[in-house]
Amino acid sequence: MQQEETISAIATAPGAGGIGIIRISGAQAIAVADAVFRAANGQPLAAQPVRQVIYGHAVTPAGEVVDECLAIIMRAPHSYTCEDVVELQAHGSSVALRQMLRLTWQAGARQAERGEFTKRSFLNGRLDIAQAQAVMDIIQAPTEQSLRLAEGHLAGHFSQRIQALQDKIMDMTAHIEALIDFPEDGVEDVLTSKLQAQIAAVRADIARLLQTAHTGRILRDGLMTAIVGKPNVGKSSLLNALLREERAIVTDIPGTTRDALEEYAEVGGVPLRIIDTAGIRATADVVEQMGVARAKEYVERAALVLALFDGSRPLDAEDEAILQLLPGKEVIVLLTKADLPAVTTAAELAKRLPGQTVLTLSTKTSTGLEVLGQTIHEKAWADEQEDAVGGFVSDERQAETLRQADAQLAAASATLDAGMGLDCASIDLRAGWERLGELTGRTVRDDLLDEIFSRFCIGK
């Protein structure tokens, strides 16, 4: 279904660039573009071939040239939005692009809202909700693994898993309704037993999907990782080694890092959102005190803590203060400066932190960096299969919706156990089916649509 209004927006990132694109979509897209674009061959756009690059100029109503321009026509339904779409490609001058955009509005289009092109793609049946979300995830992907997850969702792998669950639930409700319409003696008890087994199987499938949520959120958003330790223990050197660039200042002067530095890096195939914190110690410097307080906050918030201790020196009071911060956290303990004679050993730290992984490390010689990557990989992926990443749960909304669907199935099972009748169980099953439909858009609410697309950029 085409939307009544024709919309337009700048589809390329803000700022100067080699190319800038104006995207126009809607029933009047070609007419609007015709008011802005003059083809070099003199033919109107309505007479031009589709999916061919047409050379010309963007012009004002008075015929003044704004910029050289290329036009591409995509007729419905063979376009991103399934509507008539025209893209005008000019030089990446923000001034020229804004002027061209205003001209499209004067010709009858209106400013597109955030994510409105993708929303129309959903409303017109080209994408489902999970695929639409994946579009923005692809744009914002910070690492290769994040991109793999988003591309898998866009290809429909996650949606296919949800569709399979819905089909199983619909099959159960169909059997119930058939029995209600055509009751037979003794059949209800048999069907009740069969339904319990089928419900248990679907709930097991949902549980397996939910197990992917931890890894999926890591791949999408990055694993929040705090590097902590006392001053001069090698925190900034580790950050630089993980980033493979000199991002943080490294000196022999204690307290060089006074505030947290945040960067993204892919380590062991896992996207990390790394925070290099200030050295934790007692200090009279007010600014450094604020950095230390912030470092302790990051330890509390982080999903993974890389706790550094200088292996060339004995543990001191500052190290002891850091050790007190670690119980109950997901920690990898790193004994740094392994290129120097060892004074504190991995065995000693392992006794102090039972159950935690302790590795030796030297950023100077790169000793231990590969093992660190493997350890992070194992913690992030757990038992998940990397080749199935496209079907993982990618955010908390998806996980919560799955939990709500599972609760409805549990209610259906309890209803059957209580002998309350198949028709009552059917209500709970249908509610579970509807919850799952929110993940693909088959039963999505308008307010949820608004929330999802409000996070998109204008022009997408």
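Below is a table of values for the structure above.
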item	result
Among the residues listed as E378, E370, the single one being loosely packed, with under 14 Cβ neighbours inside 10 Å, over 20 Å from the mean Cα position of the chain (by Cα), at pLDDT 90 or above and charged (D, E, K, R)	E370
Output for region 81-97, where each listed residue is touching a Pro at 6+ places or on another chain (Cβ under 9 Å) and over 18 Å from I7 (Cα atoms)	S94
Residues (at pLDDT below 50 and touching a helix residue (DSSP H, G or I) at 6+ places or on another chain (Cβ under 6 Å)) located in region 251-278	G255, T257, R258, D259
Residues of region 128-166 that turn out to be within 16 Å of T443 (Cβ to Cβ) and either assigned to a loop (DSSP other than H, G, I, E, B) or β-branched (V, I, T) (or both), as a count	3
Subset of region 31-83 [acidic (D, E) and more than 21 Å from G20 (Cβ to Cβ)]	E83
Residue check, A76 open to solvent by 30 Å² or more (accessible area, probe 1.4 Å), within 34 Å of the chain's Cα centre (by Cα) and more than 20 Å from L103 (Cα to Cα)	yes
Qualifying residue in region 60-72 (condition: outside any strand (DSSP E or B) and in contact (Cβ under 8 Å) with a residue 40 or more places away in the chain)	yes
Cβ-Cβ under 9 Å pairs, at least 6 apart or on other chains, region 133-147 side under 19 Å from E451 (Cβ atoms) and among the charged types (D, E, K, R), far side at pLDDT below 85 and open to solvent by 50 Å² or more (accessible area, probe 1.4 Å)	D137/R220
Residue within region 387-403 that is surrounded by 15 or more Cβ atoms within 10 Å (Cβ to Cβ), among the aliphatic types (A, V, I, L, M), part of a helix (DSSP H, G or I) and modelled with pLDDT under 90 present	yes
Hits in region 292-319 (condition: within 28 Å of E378 (Cα to Cα) and either part of a helix (DSSP H, G or I) or at pLDDT below 85 (or both))	A295, K296, E297, Y298, V299, E300, R301, D319
Cβ-Cβ under 8 Å pairs, at least 6 apart or on other chains, region 30-42 side under 10 Å from G108 (Cα atoms) and outside any loop (DSSP other than H, G, I, E, B), far side open to solvent by 60 Å² or more (accessible area, probe 1.4 Å) and of a type outside the set (K, R)	A31/A46; A35/P61; A35/Q106
Pairs with Cβ under 9 Å, 6+ apart, first in region 101-115 and surrounded by fewer than 14 Cβ atoms within 10 Å (Cβ to Cβ), second assigned to a loop (DSSP other than H, G, I, E, B) and not charged (D, E, K, R)	Q106/P61
When residues of region 410-460 are limited to those that are among the basic types (K, R) and outside any helix (DSSP H, G or I), the one surrounded by the most Cβ atoms within 10 Å (Cβ to Cβ)	K460
Residue that is nearest to E5 (Cα to Cα), among those in region 102-126 that are over 30 Å from the mean Cα position of the chain (by Cα) and of a type outside the set (F, W, Y)	A109
Filtered residues of region 18-33 (kept if open to solvent by less than 40 Å² (accessible area, probe 1.4 Å), of a type outside the set (A, V, I, L, M) and at negative phi)	G20, R23, S25
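Quick grid of which residues meet (1) at pLDDT 95 or above; (2) closer than 29 Å to G216 by Cα; (3) open to solvent by 30 Å² or more (accessible area, probe 1.4 Å):
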| position | (1), (2), (3) |
| --- | --- |
| L127 | no, yes, no |
| A132 | no, yes, no |
| A150 | no, yes, no |
| T173 | no, no, no |
| V190 | no, no, yes |
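The values are calculated or read from the model by the stated rules, or taken from the named source; none is laboratory data. As the structure is a prediction and not an experimental result, all values here were calculated from the model. Heads up, the Cβs are rebuilt from the backbone with ideal geometry, glycines too, and the neighbour counts pull from every protein chain shown. All accessible areas refer to the heavy atoms of the entire protein, side chains included, with ligands and DNA or RNA removed. Shrake-Rupley method; radii C 1.70, N 1.55, O 1.52, S 1.80 Å.
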